[in-house]
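Structure record follows, encoded as structure tokens.
The numbers here are math on the coordinates, done by the rules we state, and not lab data. For clarity, every value in this text was computed on a predicted model and none was experimentally measured. All Cβ positions, glycine included, derive from the backbone under ideal geometry; neighbour counts span all protein chains shown.
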Amino acid sequence: MLAGLLKRLGSKTSVEAAKSAVPGAVVNAVLGTLSGGPVAGLAYGAGDFLMNYPVVAGARKFFPGTPGGKATIVTKEGNVINKQLDYAPSRVEGGLNLAASLASMPVVDYVTQGALLPTAQIEPPNISQERQVIQQNSQRQAINNLMQPQTVAPGTQFQTQGIEQTLYYPGITLPTEVLAQLQQQQQRMV
């Protein structure tokens, strides 16, 4: 198979198809290097070339473009200029070339089973919520000039310190035995 590919690369059409496949391979190699490192860049570039080359060669066979040749140009002064024209690919070839370049990255990812893709660390939401509560508590401690952070109910920002002081506010109804115990403790402190 490799010998057949090398033999085919020797023909003029094959060499021109390979030249047309190289720019897309270079772009994919650069994008792969930027997103996943040099090994990924090499894999994406090679994958693009290996997918693009047969597509471009087939398109040139079935939908040939305007062939290059020599043009003779006569100027106003009567000078004759022979100019070499470049090959102009057909629209079908250009479209297939672009499509093969775009399709090559997902194909390389499928073949390598995503081993070239960078892995992102996903942080569980409960850890980030705990970190947020810790940050908010430290901010509250700094703003209020507290010696120690205030305690909050688990999973909330509800402050639990100071609740016992609300028992002495008017309008709160407590059982009579609790009120009696509180009054006895208050009298002992005085």
Revision key, fill the gap. Computed from the beta carbon distance with a Förster radius of 41 Å, FRET efficiency for residue 98 and residue 72 to the nearest 0.05 stands at 0.75
**Study point:** Karplus-derived 3J(HN,Hα), 6.51/-1.76/1.60, for each residue of segment 46-63, Hz, glycine and proline x
**Key:** 5, x, 5, 4, 5, 8, 7, 4, x, 5, 5, 4, x, 5, 5, 6, 8, 10
Review point. With each pseudo-label sitting 7 Å past Cα toward Cβ, what's the residue 133-residue 50 distance in nm, one decimal?
Key: 5.2
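Please work out the ratio of the alpha-carbon Rg of segment 14-94 to 2.2 N^0.38 Å and round it to two decimals.
Working it through for segment 14-94, the quotient is 1.54.
Provide the gained length on full extension for the span residue 148 to residue 81, in nm with one decimal, where the gain is 0.36 nm per separating residue minus the Cα-Cα distance.
15.1 nm
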Exercise for review: Using label points projected 7 Å from each Cα along Cα→Cβ, tell me how many nm separate residue 112 and residue 140, to one decimal.
Suggested key: 4.8
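Highest mean first, how do 130-138, 95-103 rank when packing is the count of other Cβ atoms within 10 Å averaged over residues?
On the way: 130-138: 12.4, 95-103: 16.3.
Ranked by mean Cβ neighbours within 10 Å, highest first: 95-103, 130-138.
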